[in-house]
Amino acid sequence: MYDLRSLRDNLDAIKDQLGSRGRDVAWDDLRALIEARRSLTVMVDGLRHELKKGSEDVARLKREKQPADAAMAQMKALGDRIQVAEDTLRSTEERAQDMALRIPNLPHGSVPAGKDPADNQEVRQWGSAHAFTFTPQAHWDLGEALGILDFERAAKIAGARFAVLTGLGARLERALINFMLDLHTTRHGYREVLPPFMVNRAAMTGTGQLPKFEDDLFKLRDDDYFLIPTAEVPVTNLLREEIVPDDRIPIRYAAYTPCFRREAGSYGKDTRGLIRQHQFNKVELVVFSRPEDSYQELERLTGHAEAVLQELALPYRVVTLCTGDMGFSAAKTYDIEVWLPSQNTFREISSCSNFEAFQARRAGIRYRRKDGKTDFLHTLNGSGLAVGRTLVAILENYQQPDGSVTIPPVLRPYMGGAERIAKS
RNA sequence: GGAGGGGUGGCUGAGCGGCCGAAAGCGCUGGUCUUGAAAACCAGAGUUCGGGUAACCGGACCGUGGGUUCAAAUCCCACCCCCUCCGCCA
């Protein structure tokens, strides 16, 4: 989001630069609201000043045993006027604020223009797809045959887009979580965090899920809590309304959490398998950076996510999302896509974004610069990685002609030494 | 869930409804002193909104939101959070 001050000063420039990303914004209404807020502020401040002075006069008159009734009546009337003006100011400010909260972030200059995933730009590829001597099976067929995935019973106890993992499947999921966290905390310098899986409205607004995307979230009926759609929400909001000393920056957190998404509007997409679930596990990387370092940090962060796939020897590519495919809050996003042989294509397994000061302004995340001034930090995050999709990639890429699955060597210590998953 | 106590500046902690953005101590920053450091002494220092090129001026902020009053950190109400005890509970 933009603060109202810079919106007022740069409204036309912001509107131009947003282009089609800003097509939902009623710019003229917003401009009028911001200007009204400013003039109302001037008025209210003046009236309050008068009231303060008047009240001091009353105090003085009373001290000097002078009659104060006239002054008091005058101040009473002034107070009533202030009340009215303040109410108007408050509602004007709220409306302006609400509009500002619905404006998406400005894409960075290096982001390719475009309207859909077809316009994304491939940055690099790593590894090469295994040449199968047989037709590779989809992970859901493999998993069900191996007795480690159970979608039918998941539907019975919960519904569509849920899965039950059992036996070595459950063990593999847990192994992946531990492997990823260990990698990021010991080799990449992240501090591990285990946050709440439910957050309040303020946190959701801070990272940009609210107010615009409430329909995508699971919400508790009797409390104003939401299930987190990603660890980004609780972890980024860890520093909400704080001013961080310069010497603590950069701050890097790695967090495992389940993620909950309603997937409204995705009917018919990826209906089978683990790719698109209402609940999935993810290890998330979150970085707080000085503004001048944030794009360097984005490259690092992306590299840390890629390292997981390299360790697992899974082929992937990195793409830069175009302006039309980027999320609401991001200034620049790299997607990492893993190779899925059964679909003969790359599928997203990580999304690494620089939000610049967009989230920091919403959440009040600031730091004390060396010159003593406060400034907003830049926030970044990336999946490191989506665990369910990683499990999918392992099942499909490591499958054998007999339907068993080899366990990648780096995971074996986490699997009690097991080397393969076979039908038991 | 029941009973009681409490939420004030980086921290500790004062604050008769009016001259309180808020004492004091600690910590912090600059200076004096010192070969250097410590100590001592002096000075400075919150966040935010608006006006102004600027110096500066004005408003708001004492958990949050309402209310009473000419005037609220101080009084009233609701909510949130923390602590103690009881109940329940992994």
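Given R₀ = 41 Å, what would the calculated FRET efficiency be for A:GLN66 paired with A:ALA32, taking r from the Cβ atoms and rounding to 0.05?
Numbers: r = 47 Å, r/R0 = 1.14.
About 0.30, to the nearest 0.05.
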Which of A:LEU395, A:LEU142, A:LEU220 moves most in a GNM of chain A, Cα contacts under 10 Å? A:LEU220
Any chance you could check the Cα centroid distance between region A:44-75 and region A:295-347 for me, in angstrom? 65
On the protein heavy atoms, probe 1.4 angstrom, tell me the percent of accessible surface of chain A carried by carbon and sulfur. 48
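With r as the distance between the Cβ atoms of A:ASP16 and A:GLN74 and R0 = 45 Å, compute the FRET efficiency 1/(1 + (r/R0)^6) and round to 0.05.
Numbers: r = 50 Å, r/R0 = 1.11.
Given R0 = 45 Å and the Cβ-Cβ separation, E is 0.35.
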Once phi is turned into ³J(HN,Hα) by the Karplus curve 6.51 cos²θ - 1.76 cosθ + 1.60 with θ = phi - 60°, what whole-Hz value does each residue of region A:302-316 show in order, with x for glycine and proline? 4, x, 5, 5, 4, 4, 4, 5, 5, 4, 8, 6, 9, x, 7
Give the Cα extents of region A:316-375 along the principal axes, in whole Å, largest first. 55, 22, 16
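Using only DSSP helix segments of four residues or longer, with each worth -39500 (n - 2.57), what per-residue ellipticity at 222 nm results for chain A after dividing by its residue count and rounding to 500? Working shown, then result.
Details: 11 runs with 163 residues, N = 424.
Per the formula, -12500 deg cm²/dmol.
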Binned at 5 Å from zero, the C-alpha pair distances of region A:1-141 give percents of 2, 8, 12, 11, 9, 8, 7, 7, 7, 6, 5, 4, 3, 3, 2, 2, 1, 1, 1, 0, 0
If you roll a 1.4 Å probe over the heavy atoms of the protein chains, what accessible area per residue do you get for region A:4-101, in Å²? 66
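Let's see if you can work this out: charge +1 on each Lys and Arg Cβ, -1 on each Asp and Glu Cβ, no other charges. What is the dipole magnitude of chain A about its Cα centre, in debye to the nearest 20?
Working: 58 positive and 60 negative charges, 154 e Å.
Magnitude of the dipole: close to 740 debye.
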Using alpha carbon centers only, region A:181-211 is separated from region A:106-158 by a whole-angstrom value of 24
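Only four residue types carry charge here, +1 at the Cβ of Lys and Arg and -1 at the Cβ of Asp and Glu. Report the dipole size of region A:4-101 about the Cα centre in Debye, rounded to the nearest 20. List each step's numbers first, then the result.
Working: 19 positive and 19 negative charges, 79 e Å.
Once rounded to the nearest 20, the dipole reads 380 debye.
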Region A:316-372 - accessible surface per residue (Å², probe 1.4 Å): 29
Which value, in Å² rounded to 10, gives the accessible area of A:SER424 with a 1.4 Å probe and all protein chains present? 140
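Please go through region A:324-424 and write out the trypsin sites (Lys or Arg not before Pro) that DSSP classes as loop and that have at most 13 other C-beta atoms within 10 Å. Mind showing how you got there, number by number?
Numbers: sites: A:LYS332, A:ARG347, A:ARG361, A:ARG362, A:ARG366, A:ARG368, A:ARG369, A:LYS370, A:LYS373, A:ARG389, A:ARG420, A:LYS423; in loops: A:ARG369, A:LYS370, A:LYS373, A:LYS423.
Qualifying residues, ordered by number: A:ARG369, A:LYS370, A:LYS373, A:LYS423.
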With all pairs of different alpha carbon atoms counted, what Kirkwood hydrodynamic radius in Å does chain A show? 24.3
For region A:333-392, averaging the sequence separation of alpha carbon pairs under 8 Å that lie six or more residues apart and dividing by its residue count, the contact order in percent is 31
Cα-based helix-to-principal-axis angle, A:167-182 vs chain A, degrees rounded to 10: 50
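The values are calculated or read from the model by the stated rules, or taken from the named source; none is laboratory data. Bear in mind the structure is a predicted one, so any value in this text is a computation, not a measurement. FYI the Cβ positions are ideal-geometry reconstructions off the backbone, even for glycines, and counts take in every protein chain you see. Heavy atoms of the whole protein, side chains included, go into the accessibility calculation; ligands, DNA and RNA do not. Shrake-Rupley method; radii C 1.70, N 1.55, O 1.52, S 1.80 Å.
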